[in-house]
Amino acid sequence: MRKDISRRNFLQIGASALGAVAVSDFKELGNAVAADQVKSQVFFTEDITSNGLLKIYSKISQNMTGKIGIKLHTGEPHGPNILPRDMVKALQQHIPNSNLVETNTLYKGKRYTTANHRKTLKINGWDFCPVDIIDEEGAVMIPVKGGKHFKEMSVGKHMLHYDAMVVLTHFKGHAMGGFGGSMKNIAIGCADGPIGKKMVHAAPDNDDYASWLKGEPFQENMVESAKATIDHFGRRIVYINVLRNMSVDCDCAGVSAAPVKARDLGILASTDILAVEQASIDMVYKLPEAELHDLKERIESRQGLRQLSYMKEMKMGNDQYELVQV
């Protein structure tokens, strides 16, 4: 288990004096292991545009058939860091028989009820295609294979209507998770508001948000929730992390999100969730100290790196990867 993952692997690849973050440096991150170890492929492009997104999706889309849900965090009203609508629209229109999928929230914001959630979707520009709020008509339990905290997880009932899922994620910090990548996107984002999210957060029956589960136990709950969705789709789920506008806050913070200090890095994609999350963290930890400091503090103060080590323990992917530039 890689408890000391930040010191052992991340700090030794610290930023250069000029703060340069070269793609050639990134390529080395996934290759610092013995040559005989099998590595997962993680595709990378610096091109954070519709064209870049379509190119990188083409590298991981082989098993994407049937009805496809694009799991996106659509954000609270007017959130400044949400993924660009034109990029998401280009991808959705490129994928036959697809639409966006979301769930209602557990906290009482502007996406707590389906009615308010649909108003927020319109405000934020997610009205170019159908958006399936998959817990609108309730939830269903699906198995958590090998879980030590859960044997099953409650997810939006409509998730069972889909043959495949594209996990399209704005990679950023997170108030409770430390960081929010593909794993958090489905762990919280596919769990239904009233039951599944409450299970993951170990939330009480009141609005005492301060008493919600924190630290490593919360990270482990998220991982097990995500595993339920991953096991459900099998080979028909892929992951895209967009490393852009990386505030320490999630898009659920809306207009109150902390200012962005880290530069935009690019788009990472893989069929391996652990590989793409590891590569994203490695790339962020390569940033110069001035840009890294706040994100690193947010991640490590919440024990966010436990997401990676517990996914490895749960055999959800490979933390050794080959970075392939697109």
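A short reminder: the numbers here are calculations on the coordinates, not readings from a lab. Fair warning: this is a prediction, and the values are worked out from it, not measured in the lab. Glycine also receives a Cβ, built like all others from the backbone with ideal geometry; neighbour counts cover every protein chain displayed.
The set of residues in segment 35-71 that are part of a strand (DSSP E or B) and either of a type in the set (Val, Ile, Thr) or within 11 Å of Leu268 (Cα to Cα) (or both) comprises Gln41, Val42, Phe43, Phe44, Thr45, Ile68, Ile70. Being surrounded by fewer than 19 Cβ atoms within 10 Å (Cβ to Cβ) and at positive phi is a property that Gly178 lacks. Among the conditions (1) of a type outside the set (Lys, Arg); (2) under 19 Å from Gly156 (Cβ atoms); (3) touching a Lys or Arg at 6+ places or on another chain (Cβ under 8 Å), the only one that Pro77 does not satisfy is (2). In segment 261-273, the count of residues that are free of Cβ contacts under 8 Å to residues at least 60 places away in the same chain, under 26 Å from Gly75 (Cβ atoms), touching an Asp or Glu at 6+ places or on another chain (Cβ under 9 Å) and not in a strand (DSSP E or B) is one or more. Pairs are defined by a Cβ separation below 9 Å, a sequence spacing of at least 6 or placement on different chains, a first member in segment 85-107 that is of a type in the set (Gly, Ala, Ser), and a second member that is crowded, with 16+ Cβ neighbours inside 10 Å and assigned to a loop (DSSP other than H, G, I, E, B); the pairs so defined are Ser98/Met64.
Over 15 Å from Ser182 (Cβ atoms) and either in a loop (DSSP other than H, G, I, E, B) or in contact with a strand residue (DSSP E or B) (Cβ under 6 Å, 6 or more places away or on another chain) (or both): does that describe Lys315? Judged against the criteria, Lys315 is a match. For segment 92-131, the candidate set comprises residues that are surrounded by 20 or more Cβ atoms within 10 Å (Cβ to Cβ) and among the charged types (D, E, K, R); within that set, the residue that is nearest to Gln62 (Cα to Cα) is Glu102.
Would you point out which residue out of Met141, Met165 is assigned to a strand (DSSP E or B), touching a strand residue (DSSP E or B) at 6+ places or on another chain (Cβ under 7 Å) and without any contact (Cβ under 8 Å) to a residue 24 or more places away in the chain? Give the derivation first.
Values: Met165 fails: without any contact (Cβ under 8 Å) to a residue 24 or more places away in the chain.
After ruling out the rest, the residue left standing is Met141.
Mind listing whichever residues of segment 132-148 are surrounded by fewer than 16 Cβ atoms within 10 Å (Cβ to Cβ), more than 21 Å from Arg236 (Cβ to Cβ) and not small (Gly, Ala, Ser)? Listed by number, the residues that qualify are Glu137, Lys148. Within segment 214-247, the set of residues being in a loop (DSSP other than H, G, I, E, B) and surrounded by fewer than 24 Cβ atoms within 10 Å (Cβ to Cβ) comprises Lys214, Gly234, Arg235, Arg236, Arg244, Asn245, Ser247.
Being touching a residue at least 12 places away in the same chain (Cβ under 8 Å) and part of a helix (DSSP H, G or I) is the filter here; which residues of segment 108-118 pass it? Explain how you work it out, then say what you get.
Applying the first criterion (touching a residue at least 12 places away in the same chain (Cβ under 8 Å)) to segment 108-118 yields 108-112, 114, 117-118.
If the condition is that a residue be touching a residue at least 12 places away in the same chain (Cβ under 8 Å) and part of a helix (DSSP H, G or I), then Thr114, His117, Arg118 are the ones that fit.
Within segment 249-257, one or more residues are touching a residue at least 40 places away in the same chain (Cβ under 8 Å) and surrounded by 24 or more Cβ atoms within 10 Å (Cβ to Cβ). The number of residues in segment 96-128 that are touching a strand residue (DSSP E or B) at 6+ places or on another chain (Cβ under 9 Å) and not aromatic (Phe, Trp, Tyr) comes to 15. Going through (1) under 17 Å from the mean Cα position of the chain (by Cα); (2) within 15 Å of Val131 (Cα to Cα); (3) part of a loop (DSSP other than H, G, I, E, B) one by one, Val101 falls short only on (3). Note on segment 274-289: among residues that are charged (D, E, K, R) and in a helix (DSSP H, G or I), the one that is surrounded by the most Cβ atoms within 10 Å (Cβ to Cβ) is Glu277. For segment 168-196, the candidate set comprises residues that are in a loop (DSSP other than H, G, I, E, B) and within 12 Å of the chain's Cα centre (by Cα); within that set, the residue that is nearest to His73 (Cα to Cα) is Gly189. The residues in segment 54-75 that are more than 16 Å from the chain's Cα centre (by Cα) and buried (at least 23 other Cβ atoms within 10 Å of the Cβ) can be counted, and the count is 1.
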